[in-house]
């Protein structure tokens, strides 16, 4: 543009002004065109995070509730407790069974020892000694089974108290004290707060520019004036429609070619409690690629 300025100065004032404006517009258009070669953007993007579907591992009525819906919790924090009394009774019964089986085994071992010594002196037959030893083995197996049942009863008792498996936020929690729940039934969601990402659906024609590791900028619609920094951590192996319940069937006479979109996962590198993220909310994503990525 500097080479054209002397030419512009030689023109009449009005023509020079128009020429100068035209040159500046062309220069701006060139800069914009060059910028388009260095990044791709989409407004078809949504915030995501790991979601844990919380369920109890034992059945029973809810005895105590320690948290509320939409509350932030830390890993290991108590969430709710199922009435533990039936499970405490089961533990005591299992422990009594272990004591009984241990007593039977002790007695069987003593009898086996005496029988073996008497058989050695031919006061009893060898068959009597073998029978006594078989009784010992049976009682050992019964004791092991009773100990396993006691361990299972203690584990069930421990499962009455449900704790948060990770830091996060509770969502869709309608649990109330007194409600009877079945083991394994989903009760509410725990949204993990340590990792957030954006799933950005880029046009298939943009994928040749994108590679794992590229840096990215993300604007969340709910925080339009705040910039989040990100990094591409994954590119889907197929378009969004390829994994739908009823993927499109293109082998028809009226097929129309439509540009597909492919999900690209962008990790948010700087999440902040000042700007809490919500899964499913809309975002704009821009990926900056290296010249080596162009194909």
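Each reported figure results from applying straightforward, stated rules to the coordinates on display, with no laboratory input. Please read these numbers as outputs of a predicted model, since none were measured by experiment. FYI the Cβ positions are ideal-geometry reconstructions off the backbone, even for glycines, and counts take in every protein chain you see.
Three semi-axes describe the equivalent ellipsoid of region 85-159; taken as square roots of 5 times the Cα gyration tensor eigenvalues and ordered largest first, they are 36, 9, 6 Å.
In percent, rounded to a whole number, the relative contact order of region 85-159 is 51, using alpha-carbon pairs under 8 Å and six or more apart.
Summary of packing: across the peptides 70-78, 146-154, the per-residue average of other C-beta atoms within 10 Å ranks them, highest first, as 146-154, 70-78. The modelled label-to-label distance for the pair residue 21/residue 148, using points 7 Å beyond Cα in the direction of Cβ, is 9.0 nm.
Fully extending the segment from residue 64 to residue 85 would add 6.3 nm, taking 0.36 nm per residue of separation and subtracting the current Cα-Cα distance.
In this label model, residue 208 and residue 257 are separated by 1.3 nm, measuring between points 7 Å along each Cα→Cβ vector. Reported to the nearest whole Å, the Cα centre-to-centre distance from region 79-96 to region 123-198 is 11.
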